[in-house]
Amino acid sequence: GQSLEQPSEVTAVEGAIVQINCTYQTSGFYGLSWYQQHDGGAPTFLSYNGLDGLEETGRFSSFLSRSDSYGYLLLQELQMKDSASYFCAVRDPTGFQKLVFGTGTRLLVSP
Amino acid sequence: DAGVTQSPTHLIKTRGQQVTLRCSPKSGHDTVSWYQQALGQGPQFIFQYYEEEERQRGNFPDRFSGHQFPNYSSELNVNALLLGDSALYLCASSLETNQITGELFFGEGSRLTVL
């Protein structure tokens, strides 16, 4: 099967930079995605890495190393509104349509 | 452009009852997936519908069933409810032609409490 591990919680202050790590084990790999979910809200898609390297989207960047089965989400210039849960996810190789999510990292941004 | 809408937002049932949750996908999307999210956990895949057929299923018992209608909307049915079925049920829509990136559009979910 597939499994993804993330730290359960990360804390930071406004304006800082934070990195949320994700390590995965999967028999086949079709890229790593990241989602953000505020309390009581819907998960929203942030990024996708299909190849090794860094993808940048505004204040958020995501990195992938397929050889290390590792990726991370980098959040810069943190704002209070970034307080949320962040999930990494991989596509299950047994079926293209199924996403397997990590356990999630709760990010708390303080003033 | 309406996003993914789900109903009801909250509901309370007792053990043994049955529940039906509804989902309207984002305009233009043809694929609907259902996920269960327990408190403090990541979403877990239940099944996916495309062209009114269940295309793939996760590790959920047959008590969980679904349907997709010609207008792409979908229902999730759970029979013989157990306490452990208490969770947030998320519907996600996507385009069949955009399965590679894993970009799903989620609704805000239906919070089910089983007493």
Q.
Could you compute the net charge surrounding residue B:86? Neighbours are other residues with a C-beta less than 12 Å from the C-beta of residue B:86; K and R count +1, D and E count -1.
A. +2
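Select from the stretch B:1-105 those trypsin sites (Lys or Arg not before Pro) which occupy a DSSP coil region and have at most 16 other Cβ atoms within 10 Å, ordered by residue number. Write down the numbers at each step before the final one.
On the way: sites: B:13, B:15, B:22, B:26, B:55, B:57, B:63; in loops: B:15, B:26, B:63.
Here the trypsin sites (Lys or Arg not before Pro) that fit, given the DSSP loop and packing criteria, are B:15, B:63.
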(Q) Taking θ = phi - 60°, what integer Hz values does the Karplus form 6.51 cos²θ - 1.76 cosθ + 1.60 yield along the stretch B:56-67, in sequence order, with x for Gly and Pro? (A) 8, 9, x, 7, 10, x, 5, 4, 9, 9, x, 7
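Residue A:111: net charge of surrounding residues, Cβ under 13 Å, Lys/Arg +1, Asp/Glu -1, itself excluded? Walk me through the numbers on the way to the answer.
Values: positive: A:81; negative: A:14, A:82.
Overall, the nearby charge balance is -1.
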Q: Give the residues of the stretch A:74-111 whose amide nitrogen is closer than 16 Å to a point set 7 Å from the Cα of residue A:54 in the direction of its Cβ.
A: A:74-78
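What shape does chain B take by its C-alpha gyration tensor, where a ≥ b ≥ c are the square roots of the eigenvalues and a/c under 1.5 counts as rounded, a/b above b/c as prolate, and the rest as oblate? Could the numbers behind the result be given before it?
Numbers: a/c = 1.72, a/b = 1.65, b/c = 1.04.
Prolate, since a/c reaches 1.5 and a/b exceeds b/c.
By how many nm would the segment from residue A:25 to residue A:77 lengthen if fully extended, with 0.36 nm per residue of separation less the alpha-carbon distance?
Roughly 15.6 nm would be gained on extension.
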Q: Please give the solvent-accessible surface of residue A:82 in Å², to the nearest 10, using a probe radius of 1.4 Å with every protein chain present.
A: 0 Å²
Q. Rounded, prolate or oblate: which fits the protein assembly as shown when a ≥ b ≥ c are the square roots of the eigenvalues of the alpha-carbon gyration tensor, with rounded for a/c under 1.5 and prolate only if a/b beats b/c?
A. prolate
Q) Under the classification rounded if a/c is under 1.5, otherwise prolate if a/b is larger than b/c and oblate if not, where does chain A fall, given a ≥ b ≥ c as square roots of the Cα gyration tensor eigenvalues? A) prolate
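Between B and A, buried accessible area summed over both sides at probe 1.4 Å, in Å² to the nearest 100?
Working: alone 6350 and 5940 Å², together 10510 Å².
Buried surface at the B/A interface: approximately 1800 Å².
What net charge is computed for the residues neighbouring residue A:46, neighbours being all others with C-beta under 13 Å from the C-beta of residue A:46, Lys and Arg scored +1, Asp and Glu -1? All intermediate terms of the calculation are to be shown ahead of the outcome.
Details: positive: A:59; negative: A:55, A:56, A:82, B:103.
Residues near residue A:46 contribute -3 overall.
For the protein assembly as shown, give the percent of accessible area contributed by carbon and sulfur heavy atoms, probe 1.4 Å, rounded to a whole number. Intermediate values should be presented prior to the final figure.
Details: 5130 of 10510 Å².
Carbon and sulfur atoms account for 49 percent of the accessible area of the protein assembly as shown.
Quickly rank B:68-81, B:27-40, A:2-15 as a protection proxy: mean count of other C-beta atoms within 10 Å, highest first. Please list the in-between numbers first.
On the way: B:68-81: 17.0, B:27-40: 18.5, A:2-15: 14.9.
Averaged packing, sorted descending, gives the order B:27-40, B:68-81, A:2-15.
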Q.
Given the whole protein assembly as supplied and a 1.4 Å probe, what does the accessible area of residue B:82 come to in Å², nearest 10?
A. 90 Å²
Q | Rounded to 5, the percent of DSSP beta bridges in the protein assembly as shown classed as antiparallel | A | 90 percent
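The stretch A:33-111: which chymotrypsin sites (Phe, Trp or Tyr not before Pro) are DSSP loop and have at most 15 other beta-carbon atoms within 10 angstrom? If you can, show how the numbers build up before the last one.
Numbers: sites: A:34, A:35, A:45, A:48, A:60, A:63, A:70, A:72, A:86, A:87, A:96, A:101; in loops: A:96.
Listed in order of number, the matching sites are A:96.
Within 10 Å of each Cβ of B:27-36, how many other protein chain Cβ atoms are there on average?
Values: counts 0, 0, 0, 0, 1, 0, 3, 0, 4, 0.
Other-chain Cβ atoms within 10 Å of each residue's Cβ, averaged: 1.
The values are calculated or read from the model by the stated rules, or taken from the named source; none is laboratory data. If you're wondering where the values come from, they're calculated on a predicted model, not measured in any experiment. Cβ: placed from backbone, ideal geometry, glycine included. Neighbour counts: every protein chain shown. In case anyone asks, the SASA skips ligands and DNA or RNA and just uses the protein heavy atoms, side chains included. Shrake-Rupley method; radii C 1.70, N 1.55, O 1.52, S 1.80 Å.
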